[in-house]
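The values are calculated or read from the model by the stated rules, or taken from the named source; none is laboratory data. From a predicted model like this one, the values you see are computed outputs, not experimental measurements. In this analysis, Cβ positions are derived from the backbone assuming ideal geometry, glycine residues included, and neighbour counts consider all displayed protein chains.
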Ligand SMILES: C[S@@+](CC[C@H](N)C(=O)[O-])C[C@H]1O[C@@H](n2cnc3c(N)ncnc32)[C@H](O)[C@@H]1O
């Protein structure tokens with residue numbers, strides 16, 4: 001593992017994560033011994049807007065029911081469980097952070113989805129899958145931690161079937177200067193690899209994708225597409241200072257230092 005990826009793993013590793021999740025579920029009035037996809041969805045979608053954003057992204061990317069999906073950078077598995085549980089998808093998740101993959105597997109078993117979701121520790125820049133394996137590659141708020149986006153996009157294209165869909169959410173570099181750190185995905189700029197939306201879309205096209213669209217403005221206009229008040233949020237999985245880091249992200253977007261993207265693209269036939 002390179003120095004950069006070791007720092008990314010270090011950023012996300014919490015230690016005793018299952019205890020933190022159980023305490024958070026209890027504090028919210030849920031039974032930690034009998035979690036459901038719904039109760040977990042209050043804390044296991046590790047991106048802005050949480051579960052509501054996943055719902056919107058699945059809809060905007062038109063992920064077909066029952067499709068074979070790669071959740072690239074799956075975190076603790078909330079989006080994977082939603083796709084398997086509510087959309088009948090067969091899901092494979094891959095993530096760089098071993099603790100997250102371990103917890104994702106335990107949670108999948110607890111909600112009875114161990115058979116529908118398989119998991120691997122690894123990088124989105126070196127996918128351990130054969131060519132043309134998946135109908136869809138879903139990737140939510142991972143790209144900011146990946147310096148080599150060219151390789152990441154080429155790998156996504158390689159593992160997609162012809163006609164398959166790639167969708168990723170991302171926070172890109174805005175026109176008004178550096179974002180305010182610490183951010184949800186990085187405490188310092190050393191593990192934050194931001195490029196302008198134009199560069200991201202050009203890199204995607206150069207990797208071979210077509211039908212490239214940024215549907216972020218459609219996502220924002222959807223009811224329920226923003227942060228959900230009253231839910232637990234990502235602090236158990238991502239750190240007690242998450243409200244401050246999420247606030248920095250929101251302020252950076254407001255000030256034009258970050259630009260929110262929700263991209264869909266197709267592997268040509
Ligand atoms: C903000 S979390 C999002 C997790 C998940 N996609 C979600 O939305 O719930 C970012 C995730 O990307 C993973 N990650 C970062 N760089 C990666 C890489 N090169 N390959 C695989 N996973 C990576 C981290 O370990 C972390 O789980």
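On inspection, residue 233 fails the criterion of being surrounded by 13 or more Cβ atoms within 10 Å (Cβ to Cβ), more than 22 Å from residue 57 (Cβ to Cβ) and within 16 Å of the ligand (Cβ to nearest atom). None of 194, 113, 171 is part of a loop (DSSP other than H, G, I, E, B) and within 15 Å of the ligand (Cβ to nearest atom) except 194.
Would you confirm, using the coordinates I've provided, whether residue 132 is surrounded by fewer than 15 Cβ atoms within 10 Å (Cβ to Cβ) and in contact (Cβ under 8 Å) with a residue 12 or more places away in the chain? In short, yes.
Checked across segment 241-252, the condition of being under 23 Å from residue 77 (Cα atoms), outside any helix (DSSP H, G or I), within 15 Å of the ligand (Cβ to nearest atom) and more than 18 Å from the chain's Cα centre (by Cα) holds for at least one residue. Residues of segment 86-110 that are within 10 Å of the ligand (Cβ to nearest atom) and assigned to a helix (DSSP H, G or I): 98, 99, 100, 101, 104. Whenever a residue of segment 104-128 is over 16 Å from residue 37 (Cα atoms) and in contact (Cβ under 8 Å) with a residue 40 or more places away in the chain, its partners that are more than 13 Å from the ligand (Cβ to nearest atom) and not in a loop (DSSP other than H, G, I, E, B), lying with C-beta atoms within less than 6 angstrom and at least six residues away or across chains, give the pairs 119/105; 127/159.
If you go through segment 64-74 one residue at a time, do you hit one that is near the ligand (Cβ under 10 Å from one of its atoms) and either modelled with pLDDT under 95 or part of a helix (DSSP H, G or I) (or both)? No, segment 64-74 has no match at all.
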